[in-house]
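We did not get these values from a lab; they are worked out from the coordinates using the rules stated. Just so you know, these numbers come straight off a predicted model, no measurement behind them. Neighbour counts are summed over all protein chains in view; Cβ atoms, including those assigned to glycine, are modelled from backbone coordinates with ideal geometry.
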Amino acid sequence: MTKHNIRTSIGNIFVLLLVFVMLVPVIYMILMSFRTGEEIAADPLGMPSGLFLGNYINTLESMNYFRSVANSVGITLSVTVIVAFVGSLAAYPLARSTNAWGRAFIMLVALGLATPAFVTITPIYVIFRQVGLLDNYVGIILAFTALNLPLAVFFYVGFIGAIPRDLEEAAKLDNCTDFQVFWHVIRPLLGPATATLSLFVMLMVWNDFTYPLLLLTDPDKFTVMISVYRFVGNHNIEPDLLFPAAVLGSLPLLIIFVIFQRRIVSGVTAGAVK
Amino acid sequence: MSSRTTKLLFMLPALIVLAVFFVYPIALTFYYSFTDFTGVGTPEYAGLKNYDRIMSRSRYPEALKVTILFTLIVVTVQTLAGLFIATLLQRLPAVRNFARAALFTPAMMSFVIVGYLWQFIYSPFNGGLNALLTSVGLESLTRAWLGDPSTALFAIAIAHVWMFTGYTTAIFLAGYANIPGDIEEAGKLEGANSLQRFWYLELPLLAPSVTINVMLSTIGTLKTFELPFIMTKGGPDGATRTLSLEIIENLFGAYKFGFASSLSIVMLVIVIIVAFVQNKFLRGREDNMS
């Protein structure tokens, strides 16, 4: 072996060790979820003695888990559809020409992207209370739509900008209206952008807990994270409930992450870089 | 696009959403900040009373200090760790993609879960960290990590850095991917070693990634309240009470909507100033380097 090879091998081993250390909290979470409260108290670092599922059974019974998962999935789908439609519609003229108005609109979108949630959350809470959107699926869907829209507009402007104009020109010669051009020519090409966008929406709907914490009070409407938050908080952080709830709360996204990891990492990174 | 009206029609739905959920609320928050609104009835005009209170009580400058210290720790550690790991991975193609995805995993998790998980790791009784220290003979170091004012903020910062280092690493790796291969080759042919290539070739060319990482993590960390909210509720003795946490507790603990609004406005101004100054400074640095 040459000196170079030895150094590469040492480097690889070091990186794998580093990855292991970084993942220790996740591994710890999974291992602990199979141990009883007494076992953890007696030996905090011990391994599970078997595949003890009692914690999971207790947690599933009292956390309203499947209902929350269904809520999160339903909200994600609705938000994705609305954001994709409203966002790409606005992005189309912006991608094709920008005048002073277009630039003003872009500034507005940037403002939406940069505004911290708590600046707008009080008025949104007050407005929702006035119009009866508190504790309402429509309300939470609208709120998440607004949060995701700025990113969606930027995303689609970049994507549509890269679509050649020839197709549109041909459609226009056939006397299509602008909307028909958008709907029949542009929209069918947006699939990859919408797929990446839906991953963003899913991440936010699944993991955010500020909005649902304030806008939802009915446990039947809770998203997954609010269920986890209320459930663990109500039980005084007991490990035999905390760990299975944490695993159940993260598992669906972690599975999706393992399947789509390349797309998610490059999508999120590209979203940041733009 | 034929006419201006058509363009406007295309943008109209988005305009309505942005107006209803951003422009109008920001204006309303600004208005509330000059009132003693408690969430019910009509807000009474209170002049500058709320802002006076922020200036005159030591509690709020303290919270600002905690916020800035927290942000400084997180941004520094996370950027340096991300840069170090990305630089290693750049030189180790065999493990690069696997490590990038694996390190990204914590960023897929919610603040709720990360908060509870680390709260338990730091727990004084049956928590993992103290047990680990005891098992390697460092029992003298064990403590109530989140209950001790001298360690609580650092403990939360570590959980935050743990969550987002993989994200920072991925952005630096994207920056590395943009460095033309022939520049690296030229460096190697000139006999530059790995460290020299990093310092003289790569680091200057990574300037845009440094800008993005520092700005994203600064703004994200300044406005975060989730981990202190879950792990410590601002304690012990205000050691982890950030400005954002103060806002949330005034809103939904005390229903002081007017006062919380004035704190939000202060926070918004701080975020804008920091973003503006960083942008100017870091972009200027990019220009000098290229």
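Is chain A rounded, prolate or oblate when judged by the Cα gyration tensor, a ≥ b ≥ c being the square roots of its eigenvalues, rounded requiring a/c under 1.5 and prolate requiring a/b larger than b/c? Present the calculation step by step, with values, prior to reporting the outcome.
Working: a/c = 2.59, a/b = 1.45, b/c = 1.79.
Judged from the Cα gyration tensor, chain A comes out oblate (a/c at least 1.5, b/c at or above a/b).
Here's the picture: charge each Lys and Arg Cβ at +1 and each Asp and Glu Cβ at -1 in chain A, and of A:127, A:145, A:210 the one pushed furthest to the positive end of that dipole is A:145.
Partner chain Cβ atoms within 10 Å, averaged over the residues of A:258-270 - can you pull that number for me? Before the final figure, lay out the partial values.
Details: counts 3, 0, 0, 8, 3, 0, 5, 12, 4, 0, 6, 12, 2.
Neighbouring Cβ atoms belonging to other protein chains average 4 per residue here.
Overall, the protein assembly as shown carries a charge dipole of about 1000 debye about its Cα centre when +1 sits on the Cβ of Lys and Arg and -1 on the Cβ of Asp and Glu, all other atoms neutral.
Among A:158-168, B:31-41, B:252-262, how do they line up by average Cβ neighbours within 10 Å per residue, starting with the highest? Intermediate results must be reported in sequence, preceding the final value.
Details: A:158-168: 13.4, B:31-41: 17.7, B:252-262: 20.6.
In decreasing order of mean packing, A:158-168, B:31-41, B:252-262 become B:252-262, B:31-41, A:158-168.
Simple rule: put +1 on each Lys or Arg Cβ and -1 on each Asp or Glu Cβ in the protein assembly as shown, find the dipole, and look at A:228, B:268, B:288; the Cα lying farthest toward the positive end is B:288.
Whole-Hz Karplus values for the stretch B:178-190 come out as 8, 7, x, x, 5, 5, 4, 4, 4, x, 5, 5, 6 Hz, taken residue by residue from phi with 6.51 cos²θ - 1.76 cosθ + 1.60 and θ = phi - 60°; glycine and proline positions read x.
For residue B:37, the residues whose modelled amide H falls within less than 5 Å of its own, excluding neighbours fewer than 5 places apart on the same chain, are B:44, B:258.
Modelled label positions at residue A:101 and residue B:237, each set 7 Å beyond Cα in the direction of Cβ, lie 6.1 nm from each other. Structural descriptor for chain A: relative contact order 31 percent, calculated from alpha carbon pairs under 8 angstrom and at least 6 residues apart. In order along the stretch B:52-59, the Karplus-derived 3J(HN,Hα) couplings, from 6.51 cos²θ - 1.76 cosθ + 1.60 at θ = phi - 60°, round to 4, 4, 4, 6, 8, 9, 5, 3 Hz, and Gly and Pro are given as x. Here the spin labels are modelled as points 7 Å beyond Cα on the Cα-Cβ line, and at residue A:259 and residue A:31 they lie 2.9 nm apart.
For the peptides A:80-86, A:239-245, residues were scored by their other Cβ atoms within 10 Å and the scores averaged per peptide; the highest-first order is A:239-245, A:80-86. Each residue, residue A:3 and residue A:136, gets one label point 7 Å from its Cα in the Cβ direction; the gap between the two is 7.3 nm.
Projecting the Cα positions of B:181, B:118, B:208 onto the charge dipole of chain B (unit charges on Cβ atoms of Lys, Arg, Asp and Glu, taken about the Cα centre) puts B:208 furthest along the positive direction. Using a 10 angstrom cutoff on alpha carbons, build the Gaussian network for chain B and name the most mobile of B:264, B:110, B:135. Largest GNM mean-square fluctuation: B:135. Could you please report the charge total around residue B:111, scoring K, R as +1 and D, E as -1 over all other residues with beta-carbon less than 9 angstrom from its beta-carbon? Spelling it out: positives minus negatives among the neighbours equals -2.
Shape analysis of the stretch B:36-289 places it in the oblate category; the axes a ≥ b ≥ c from the Cα gyration tensor give an a/c of at least 1.5, with a/b not above b/c. For the stretch B:36-289, the tally of Lys pairs with Cα-Cα distances below 21 Å comes to 7, considering only residues 8 or more apart or on different chains.
Here the dipole of the stretch B:36-289 is about 180 debye; that uses its Cα centre as origin and unit charges on the Cβ of Lys and Arg (positive) and Asp and Glu (negative).
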